[in-house]
Amino acid sequence: GTGEQLYECPMCSLTCTNIQILEEHVDLHLEEHSFSEGGNIRDLELAQWLQTEEDKQQRSEEKQQEREEFKKLQKQYGLDNSGGYKQQFLKNMEREVHRGRMQPFEYHKRKAGLMECLAFGIDDGKTKTSGVVEALCKYYQSENKDVRRVWLSAEVDHFHSSLGDRGWGCGYRNFQMLLSSLSRNTLYKDCLRDATLIPSIPKIQSMIEDAWREGFDPHGASHFNNKLHDSKAWIGPCEIYSLLTSLRIKCQIIDFHKPTGPMGTHPCLFKWILHYYSADNEGGAKVMCTSKPPIYLQHQGHSRTVVGIEEKKNKTLCLLLFDPGCPSPEMKKLLKPNIDGTTLKLLRKFMGSLKEKQYQIVAVDGVLSLEEKAARCQASQILTSEKIP
């Protein structure tokens with residue numbers, strides 16, 4: 001109303017009567033805005049730095065977890081450099097003495113026996129049970145309730161895990177079982193030479209290392225860093241195949257990599273084993289005691305030996321298995337004169353009992369010539385080179 005000149009702030013609409021005051025007022029707005037932007041930039045940089053540090057921490061924790069998981073796997077599969085058969089045997093005997101379950105004189109006696117067997121590379125036979133297949137043959141000839149036909153492998157000894165290999169030795173024990181059968185067969189005499197004496201587990205480890213040095217399965221050998229001796233490393237079908245082939249024993253690995261029946265069952269596995277035992281034994285006899293070697297059967301975490309197969313009157317099939325986890329006192333029950341179906345539960349496995357995701361078998365079928373052995377060794381090297389980029 002006085003006619004005085006007014007100046008309005010373009011940022012907050014404040015009205016001033018002096019242009020200089022308005023300029024100072026606007027400068028304050030600009031400084032405040034600049035400070036605010038700088039603060040935002042610093043906040044962003046801080047957030048980015050914090051995220052980077054969090055990512056580093058997470059990667060570090062993941063790597064640590066991977067290392068711990070790897071160590072667990074190494075320990076689980078016997079690759080943690082914690083010693084092998086001898087070290088475990090002595091440690092377990094010391095534990096038995098400490099708990100009062102073994103007298104000191106027994107400890108020293110068994111230690112001396114262990115050292116002798118290891119020096120000669122032979123198994124001490126303390127976990128062996130012989131004559132079970134023969135006893136089964138007699139049982140089935142008189143048993144006629146629900147078994148239509150049965151095929152049995154050639155005679156084979158059962159070996160179970162001992163103080164030295166408990167928890168990891170099933171593959172070696174099954175190889176001992178297979179070898180005990182092959183050593184009775186004149187067809188394999190030239191291949192096995194001194195194998196009437198079953199090798200100890202450390203000796204078998206050395207034999208597998210010899211097969212690797214010949215050139216068998218370089219990919220598998222690298223998994224074990226080319227060393228098994230003085231370890232608790234688990235072995236499987238590939239190591240069994242390499243060892244048998246290095247001895248000029250003809251064998252094959254068959255992989256049943258997924259269930260082929262309802263409820264996760266493997267009827268194709270059962271049919272293959274039936275054909276293996278029955279192909280050359282089609283006579284009319286109810287009990288066929290064949291000359292076929294037993295079959296090595298593997299699934300995740302365990303392996304067993306197939307010594308026969310039953311065909312029930314309702315056409316269902318049942319495998320007969322030697323399990324290295326079954327101790328001698330239990331196996332010796334099968335040698336008694338009046339065994340029955342209850343006792344046979346130790347061996348019988350119906351289709352519904354074998355429901356692991358995958359099974360592999362190693363089956364023996366003759367002798368290789370030196371040329372055939374060399375060809376198989378070369379083939380395993382070619383397969384390895386194809387696997388490794």
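The values are calculated or read from the model by the stated rules, or taken from the named source; none is laboratory data. All values derive from a computational prediction rather than experimental measurement. No Cβ is skipped: glycine too gets one built from the backbone with ideal geometry, and neighbour counts run over all protein chains shown. Keep in mind that these areas ignore ligands, DNA and RNA; they rest on the heavy atoms of the full protein, side chains included. Shrake-Rupley method; radii C 1.70, N 1.55, O 1.52, S 1.80 Å.
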Gyration tensor (Cα only) of the chain to equivalent ellipsoid, semi-axes in Å sorted down, yields 71, 27, 23
Show which lysines lie in cross-link reach of Lys63 when reach means a straight Cα distance below 22 angstrom and same-chain residues fewer than eight apart are skipped. Lys71, Lys72, Lys75
Set of lysines with alpha-carbon distance to Lys109 below 19 Å, sequence-local pairs under 8 removed: Lys86, Lys91, Lys126
Label model pair Gln300, Asp146: point-to-point distance (7 angstrom along the Cα→beta-carbon line) in nm is 3.1 nm
The Cα radius of gyration of the range 140-184, divided by 2.2 N^0.38 Å with N its residue count, comes to 1.60
Run the numbers for Glu94 and His108: contour at 0.36 nm per residue of separation, minus the present Cα-Cα distance, in nm. 4.0 nm
Going by average Cβ density within 10 Å per residue, which order do the peptides 330-339, 355-364 take, highest to lowest? 355-364, 330-339
With respect to the cross-link table entries Lys258/Lys312; Lys128/Lys355; Lys189/Lys357, which display a Cα-Cα separation exceeding 31 Å? Lys189/Lys357
Would you calculate the separation in nanometres between label points at Arg59 and Gln87, each defined as 7 Å from the Cα along the Cα-to-beta-carbon direction? 3.5 nm
For the chain, modelled as a Gaussian network with Cα springs under 10 Å, which listed residue fluctuates most, Glu24, Glu62, Glu239? Glu24
Of all accessible heavy-atom area on the chain, the percent that carbon and sulfur account for (1.4 Å): 52 percent
Give the residues of the range 330-369 whose amide nitrogen is closer than 14 Å to a point set 7 Å from the Cα of Leu192 in the direction of its Cβ. 364-367
Full-extension gain between Val367 and His219, please, as 0.36 nm times their residue separation minus the C-alpha to C-alpha distance. 50.8 nm
If you restrict to DSSP beta bridges whose two residues both lie in the chain, what percentage is antiparallel, to the nearest 5? 90 percent
What figure in square angstrom, to the nearest 10, would you give for the accessible area of His302 with a 1.4 Å probe? 50 Å²
